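Each reported figure results from applying straightforward, stated rules to the coordinates on display, with no laboratory input. Not measured: the values here are computed from a predicted model. Here the Cβ positions follow ideal geometry from the backbone for every residue, glycine too, while neighbour counts run over all protein chains shown.
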Amino acid sequence: MKKTILKARYAVISFIVLIALWQLLYTVSDFNEALFPSPFKALRALIELAADGTLFRHIGTSLYRFAAGYCSAVVSAVLLGLVLGWFSKAFRFVDPIVQLLRPISPTAWMPFIVLWFGIGDVPAIVIIFIAGFFPVLLTTVAAVANIDPIYLKVSRSFGIRQPQLMWKVIFPAAFPQIASGIHLALGTSWIFLVAGEMVGAQSGVGYLIIDARNDLRTDILLADIVVIGLIGLILDTLLKMAEKRILRAWGGAA
Amino acid sequence: MSLIEVKDAGKTFARDEGTFTAFEHIDLSIERGEFICLLGPSGCGKSTLLNAMAGFDLVTSGSIEIDGKEVCEPSDRYVTIFQNYGLLPWRSVQKNVELGLEQKGLSKAERAARAAQYIELVGLTAHKDVHPRQLSGGMQQRVAIARALAVDPEILFMDEPFGALDAITRMKLQDDILRISREQQKTIIFVTHDIEEAVYLADRIVILTPNPGRLKCICEVPLHGYRDRTSGDFLRVRDKIFELFHMKAENRIEYFI
Ligand SMILES: Nc1ncnc2c1ncn2[C@@H]1O[C@H](COP(=O)(O)OP(=O)(O)OP(=O)(O)O)[C@@H](O)[C@H]1O
Ligand SMILES: [Mg+2]
């Protein structure tokens, strides 16, 4: 408990410095106030958004899409990754396709996604799925390939075969590495949620950016950006805590 | 008939630059209940031979039979204990020991009771709920021994199981394994390159020479029953083995001291 307070102290100080710099920049620069809002104006916009409930509605929508896209990406990528990691010969055929698809920004698919699924929840979910899927798939395959062979030898010695071998030995042995992939994918997915909502949705924190721009409300724009950053930070912290807890339950070093 | 029959066994690995023979022309008969040490310098193929007997990596020539049946895969009738323990770090001590029992269709309670019994045998009851990382090396190896014994195997294969332990812990574990081998009537094949360890533990010591691994001799250790590391007999046998080690390679002779 004391440790978290100490850690939070650093965060609080660094945020205060950031806001102070923002205010300083606002004071010394002679930008039009409509183009570069002060922290105070952004805060007022935030309160305005929160007061009539629009902010929470948008956040709720975004979180729902994020949960749907990210969770389905993680589950399917881990399952497929475990299988492909075990059947490493099959993965040799799959790998070129993955390597071809991976460098394509998920947003490049946006036109197709909107054409096929229309505007709404699905495009954002699909974008998040694509963004989260590949990092998790590749770390899972690598994690399975990197399992200490002694675990497999011990399993053979005791006659443990598939499918038990998978969930009793391979998955837990590979889990620390898989978790790092899941973690990495969280940030990427959150980034692409915003991109997806900017193009393919009429709601959510990403859509709010477009909406504020159209109304020339830079204060709302900036307030929304801060909210997006904060939610990303909170999601990351929550995942880190969950990860630590699982690793500890499994006798990890953490 | 002997429990384990190794007949003219050889193992050749395919390597990039051709082939490499780890050992060849090994003949060995091991009786039920014997404690056999495989002794030899590094690289003489001790681990490879043990792996072949345990069914992990089979011989490429000759044959190895256990109970009259050719070895072709690992079985829980003969379990291997490794130098680096091979415990599953995400399972508690209790759950590690239960691992092999989970394949046996026992009820949960039976499984737990049997695991507890073997954890007690190696003196770790107080630690049964902790994870392996919280244990010392010697305790971890005890867990591995309990896990192996829990499935009640006929044979224990041990590959330098005490190699990573300090001298005192090692002596304690040697006493433990000697006691267990008597009480539980297990056949034990034990790889080591520590001469004293071999003399202390073995009924017979199988000495291998390298390049490629060959049987140099099989040494009967006449120290039946109680063993004392400082007794004259012990030292005599040990010196004899030392001598053998520095002897030029000869074809296999059975030595009786
Ligand atoms: N999978 C393999 N492929 C090729 N060569 C191998 C393989 N496994 C072992 N060898 C070679 O076989 C020889 C014997 O190895 P082995 O591990 O059996 O020796 P060892 O007697 O157990 O040595 P140590 O005391 O160091 O453990 C070594 O020269 C090793 O390089
Ligand atoms: Mg070895």
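Straight Cα distances below 17 angstrom link B:LYS69 to the aspartates and glutamates B:GLU5, B:ASP8, B:ASP27, B:GLU31, B:ASP57, B:GLU154, with same-chain residues fewer than 8 positions distant left out.
Structure shown: which of A:LYS168/A:LYS244; B:LYS216/B:LYS240; B:LYS11/B:LYS240; A:LYS89/A:LYS168 lie over 26 Å apart, alpha-carbon to alpha-carbon? Walk me through the numbers before you get to the answer.
On the way: A:LYS168/A:LYS244 20 Å; B:LYS216/B:LYS240 14 Å; B:LYS11/B:LYS240 29 Å; A:LYS89/A:LYS168 22 Å.
Going by Cα-Cα distance, B:LYS11/B:LYS240 fall outside the 26 Å limit.
With a cut-off of 13 Å on the backbone N, the residues of segment A:155-169 near the modelled label site 7 Å out from B:LYS104 along Cα-Cβ are A:158-159. Sorting B:98-106, A:17-25, B:17-25, A:151-159 by average packing, meaning the other beta carbons within 10 Å per residue, from highest down gives A:151-159, B:98-106, B:17-25, A:17-25.
Note on chain A: dipole from Cβ charges, positive end direction compared against A:PHE15, A:ILE209, A:ILE225; the farthest Cα belongs to A:PHE15.
Please give the average number of partner chain Cβ atoms lying within 10 Å of the Cβ of each residue in A:145-158, rounded to a whole number. Walk me through the numbers on the way to the answer.
On the way: counts 0, 0, 0, 3, 1, 7, 4, 2, 8, 15, 6, 8, 19, 16.
Whole-number average of other-chain Cβ neighbours for A:145-158 is 6.
Rounded to the nearest 0.05, the FRET efficiency derived from the C-beta distance between A:LEU216 and B:GLN134 at R0 = 56 Å is 0.35.
Annotation: the residues A:PHE192, A:PHE56, A:PHE171, sorted from fewest to most other C-beta atoms within 10 Å of their own C-beta, follow the order A:PHE56, A:PHE171, A:PHE192.
Taken one residue at a time, the phi angles of segment B:153-159 give Karplus couplings (6.51, -1.76, 1.60, θ = phi - 60°) of x, 7, 10, 10, 9, 10, 9 Hz. Gly and Pro are set to x.
Using Cβ point charges alone (K and R +1, D and E -1), the dipole size of segment A:41-249 about the Cα centre works out to roughly 980 debye.
Mind pulling the angle between the C-alpha long axis of helix B:232-245 and the longest principal axis of chain B? Nearest 10 degrees, somewhere in 0 to 90. Rounded to the nearest ten degrees, it is 60. Near B:ILE81, the amide H atoms lying under 5 Å from its own belong to B:PHE157, B:MET158, B:ASP159; only residues 5 or more places off or on other chains count, and H is placed 1.01 Å from N.
When you count the other C-beta atoms within 10 angstrom of each residue and take the mean per peptide, B:198-204, A:89-95 line up highest first as B:198-204, A:89-95.
How shielded is B:82-94 by partner chains, expressed as the average number of their Cβ atoms within 10 Å of its Cβ atoms?
Numbers: counts 4, 1, 2, 2, 9, 4, 10, 9, 13, 5, 2, 1, 0.
Counting other chains' Cβ atoms within 10 Å and averaging over B:82-94 gives 5.
Here segment A:1-51 and segment A:225-242 have alpha carbon centers that stand 17 Å from each other.
Evaluate peptide B:54-65: per residue, the Cβ atoms of other protein chains within 10 Å of its Cβ; return the mean as an integer.
On the way: counts 3, 2, 4, 1, 0, 0, 0, 0, 0, 0, 0, 0.
Per-residue shielding by partner chains comes out at 1.
If you run the Gaussian network model on chain B, springs between alpha carbon atoms under 10 Å, then out of B:THR125, B:THR187, B:THR80 the most flexible one is B:THR125. Between the residues B:TYR78, B:THR19, B:MET139, the greatest Cα displacement towards the positive end of the dipole of the protein assembly as shown, with unit charges on the Cβ of Lys, Arg, Asp and Glu, is found for B:MET139. A straight Cα-to-Cα reach below 12 Å connects B:LYS172 with the aspartates and glutamates B:GLU197, residues fewer than 8 places away in its own chain not being considered.
Please check: in the Gaussian network model of chain A (C-alpha springs, under 10 Å), which one of A:THR139, A:THR27, A:THR107 has the largest mean-square fluctuation. Highest fluctuation among the options: A:THR27. Of the residues B:GLU73, B:GLU197, B:GLU65, which exhibits the maximal mean-square fluctuation in a Gaussian network model of chain B defined by a 10 Å Cα contact cut-off? Of the options given, B:GLU73 has the highest mean-square fluctuation. The distance linking segment B:100-121 with segment B:1-18 is 35 Å (Cα centroid to Cα centroid, whole angstrom). If only the Cβ of Lys and Arg carry +1 and only the Cβ of Asp and Glu carry -1, the dipole of the protein assembly as shown around its Cα centre is close to 960 debye.
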